[in-house]
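One structure below.
The values are calculated or read from the model by the stated rules, or taken from the named source; none is laboratory data. This is a predicted model, so every value here is computed, not measured. Quick reminder, even Gly has a Cβ in these numbers, built from the backbone with ideal geometry, and neighbours come from all protein chains shown.
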Amino acid sequence: MNKLRYFVESQAFGVCTRLGEKMNISASSIRLYFIYTSCLTFGSPVILYLIMAFWMEMNKHLRRHNHPTVWEL
């Protein structure tokens, strides 16, 4: 079961895990928050989730651009 969870988390941007680490809250409770609020507000938190995922990928790209490895020079 843990292998499946790690696979899904690595493929699903890792937004909930990252938020949980920053705010010291379990990632499962953040996932439940997104699920419940998506059902109550007809999916508007999904847009917020995608914006956060995009922002995390941009930060990763910018860090990689500022500190290139030997192979990227």
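The residue that is nearest to residue 2 (Cα to Cα), among those in region 39-73 that are of a type in the set (Ser, Thr, Tyr) and assigned to a helix (DSSP H, G or I), is 49.
Close contacts from region 36-61, counting a first residue that is within 17 Å of residue 16 (Cβ to Cβ) and aromatic (Phe, Trp, Tyr) and a second that is modelled with pLDDT under 85 and part of a helix (DSSP H, G or I), with Cβ to Cβ under 7 Å and a gap of 6+ residues or different chains, come to 49/15; 49/34.
Being surrounded by 10 or more Cβ atoms within 10 Å (Cβ to Cβ) and among the aromatic types (Phe, Trp, Tyr) is the filter here, so list the residues in region 18-73 that pass it. Across region 18-73, the qualifying residues are 33, 34, 36, 49, 54, 55. Just name the residue that is nearest to residue 52 (Cα to Cα) out of those in region 19-38 that are in a helix (DSSP H, G or I) and β-branched (Val, Ile, Thr). This residue is 30. Within region 5-34, the set of residues being over 24 Å from residue 58 (Cβ atoms) and modelled with pLDDT of 85 or more comprises 24, 26, 29, 32.
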